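J.: One structure is given below, represented as C-alpha cells, and several questions about it will come after.
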Amino acid sequence: MQVRLGTRFLKKVISALEGVQQKAARFCSQNYDRYASVTDMIKDLGWATLETRRQSRLMLMYKLTTKVQ
C-alpha cells in the first residue's frame, strides 16, 4: 500500500521542522535577539540546513538504487 502525501501537508511538516531547527539554533547559541540572523547562527554552529540534508539523502538513495558509485 502506497501512501501519498499532499504538497500542502508536506510543506507544513517541512516548515515545522525548520522552526524546530531555528529554535534549537537560538538555544544553542544563547542568542534570543529577534533581529539576529538564525541562518548565521546555523552556519556558525556548523549545522547543515534541512534542505541540504534532504538533498544529500535523495542523492544517496539515487546512487543506491542505480548502483552508481
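The values are calculated or read from the model by the stated rules, or taken from the named source; none is laboratory data. Computed from a predicted model, the values in this text were never measured in an experiment. Counting neighbours? That spans all protein chains shown, and the Cβs are built from the backbone with ideal geometry, glycine included. Keep in mind that these areas ignore ligands, DNA and RNA; they rest on the heavy atoms of the full protein, side chains included. Shrake-Rupley method; radii C 1.70, N 1.55, O 1.52, S 1.80 Å.
J.: On a full-extension model of 0.36 nm per residue, what is the gain between Trp47 and Lys12, subtracting their alpha-carbon distance, rounded to one decimal in nm? Can you show the working numbers first?
T.: Working: separation 35, 0.36 × 35 = 12.60 nm, distance 2.17 nm.
Extending this stretch completely gives an extra 10.4 nm.
J.: If you don't mind, there's one more thing I want to ask. Which residues make up the longest stretch of the chain clear of trypsin sites (Lys or Arg not before Pro) that lie in a DSSP loop with no more than 12 other Cβ atoms within 10 Å, not counting the sites?
T.: On the way: sites that count: Arg4, Arg34, Lys67.
In short, 35-66.
J.: How are the C-alpha pair distances of the chain spread across 10 Å bins, as whole percents from the shortest bin up?
T.: 17, 34, 29, 16, 3
J.: If you don't mind, another one. Please give the per residue accessible area of the chain, computed with a probe of 1.4 Å over protein heavy atoms only, in Å². Kindly include the intermediate steps, with their values, before the conclusion.
T.: Numbers: 6530 Å² over 69 residues.
Heavy-atom accessible area per residue stands at 95 Å².
J.: Once amide H atoms are built 1.01 Å from N in the peptide plane, which residues 5 or more positions from Trp47, or in another chain, come under 5 Å H to H?
T.: Residues meeting the criterion, in which the H sits 1.01 Å from N, do not exist here.
J.: Length gain on complete extension for the stretch Asn31 to Met59, per 0.36 nm per residue less the alpha carbon to alpha carbon distance? Present the calculation step by step, with values, prior to reporting the outcome.
T.: On the way: separation 28, 0.36 × 28 = 10.08 nm, distance 3.39 nm.
Length gained between Asn31 and Met59: 6.7 nm.
J.: Here's something else I'd like to know. Karplus couplings for the range 42-59 from phi (6.51 cos²θ - 1.76 cosθ + 1.60, θ = phi - 60°), rounded to Hz, Gly and Pro as x?
T.: Once θ is set to phi - 60°, the couplings for the range 42-59 become 5, 5, 5, 6, x, 8, 7, 5, 5, 4, 4, 5, 5, 5, 5, 5, 5, 5 Hz.
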